[in-house]
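Rule-based calculations on the coordinates, nothing more; no lab input. Here the structure is a predicted model, which means the values were calculated and not measured. Neighbour counts run over all protein chains shown; Cβ positions are idealised from the backbone, glycine included.
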């Protein structure tokens with residue numbers, strides 16, 4: 001049976017903003033009034049909105065890193081995380097504190113072309129695409145892992161403790177901060193996907209050896225004992241635990257990247273993440289290992305369509321059923337939900353949140369029935 005829900009119209013209007021002549025969006029109110037590349041590109045992907053993609057990709061190109069900056073995390077070719085950057089208590093700025101935005105920039109360009117058939121945007125931003133690709137290649141180690149390390153920008157730390165979307169803290173590490181260098185599994189998979197897109201976007205550039213190297217390294221990020229991906233591997237070793245990262249990765253994986261046994265294993269191990277409104281971010285048994293409940297004790301609205309879409313493409317049913325439980329909650333736009341002891345879902349974070357609005361539009365336009 002298909003769930004029915006009302007999609008409000010004023011949420012996204014509250015988030016519209018003009019940045020230096022570009023019609024863009026804030027990430028969420030009241031806490032995130034800036035432009036976040038990650039949030040905007042993912043929202044445009046979920047909405048399948050070429051105009052939104054074009055504007056955001058153009059702004060990303062304008063703000064693309066050109067130099068190393070230890071204060072902001074800037075590197076040549078790096079795509080901004082947050083604009084304007086926010087000064088953190090440690091004196092550093094969040095502006096370029098993301099290791100997945102370059103990947104999303106390339107994925108966004110590929111999607112824009114598929115939606116429109118228009119190759120002119122990529123041609124206009126060819127140099128930017130090349131610089132982003134070089135940034136990613138510069139982060140590949142000898143084994144084929146995409147590694148993150150503040151030393152790339154000339155510092156020993158970032159403004160943020162973690163530099164992919166779960167950026168509040170990391171479990172099992174002092175102060176929630178990795179011991180660099182680290183390979184985060186989800187960003188590694190995102191960057192593998194993006195190099196495949198870059199191969200298509202850049203005529204005459206052969207990235208096949210780098211892609212094959214990343215493909216060969218990927219199985220080493222799978223935790224055979226827990227039947228899921230490691231959260232990452234840093235200088236101390238693997239960071240183990242069942243989290244939504246493995247399910248989220250379905251969105252970016254090709255069928256050749258993951259075995260049927262691994263798909264089934266992740267689905268089975270992720271049962272501990274299931275809630276009445278979708279998947280939570282971390283195994284409840286590990287919550288005490290996190291210094292911050294923001295990314296450990298919550299169900300994030302935007303993650304549910306990412307999981308659904310990837311699972312549908314890879315042909316695995318249970319994650320589709322669980323992630324679609326968010327549908328009755330899509331008549332409002334909270335950033336996240338917490339589940340109390342009675343099983344009630346309580347709104348949290350920003351409202352409206354851009355990618356929560358996009359989640360509603362994704363499910364509204366999808367053709368699932370249960």
Given the C-alpha centroids of the range 265-286 and the range 95-122, what is the distance between them in whole angstrom?
30
Fewest-first ranking of 296, 288, using other Cβ atoms within 10 Å as the exposure measure
288, 296
Gyration tensor verdict on the range 70-115 (Cα atoms; rounded if a/c is under 1.5, prolate if a/b is larger than b/c, oblate otherwise)
prolate
Is the shape of the range 175-245 rounded, prolate or oblate, going by the alpha carbon gyration tensor and its root eigenvalues a ≥ b ≥ c, with a/c under 1.5 for rounded and a/b larger than b/c for prolate?
prolate
Of 115, 57, 160, the one that fluctuates the most in a GNM where the chain has Cα springs shorter than 10 Å:
115
So what is the relative contact order of the chain, in percent, for Cα pairs below 8 Å that sit 6 or more residues apart?
18
Equivalent-ellipsoid semi-axes of the chain, from the Cα gyration tensor, Å, largest first:
27, 25, 22
Percent relative contact order for the range 90-162, counting Cα pairs under 8 Å at least six residues apart, stands at 41
With an 8 Å cut-off on Cα pairs and a minimum separation of 6 or more residues, tell me the relative contact order of the range 47-98 in percent.
28
Highest-MSF residue in the chain out of 207, 104, 282 [GNM, Cα springs under 10 Å]
207
With a 10 Å cut-off between alpha carbons and a GNM built on the chain, which of 347, 20, 215 moves the most?
20
Kindly put 99, 153 in sequence by how many other C-beta atoms sit within 10 Å of each C-beta, fewest to most.
153, 99
Site residue 216, offset 7 angstrom along Cα→Cβ, radius 19 Å on amide nitrogen, limited to the range 225-256, gives 256
For the range 307-370: rounded, prolate or oblate by the Cα gyration tensor [a/c cutoff 1.5]
oblate
Using a Förster distance of 56 angstrom, determine the FRET efficiency expected from the C-beta separation of residue 203 and residue 288, and round it to 0.05.
0.60
Going by Cα centres, the range 306-367 and the range 143-221 are how many Å apart?
26
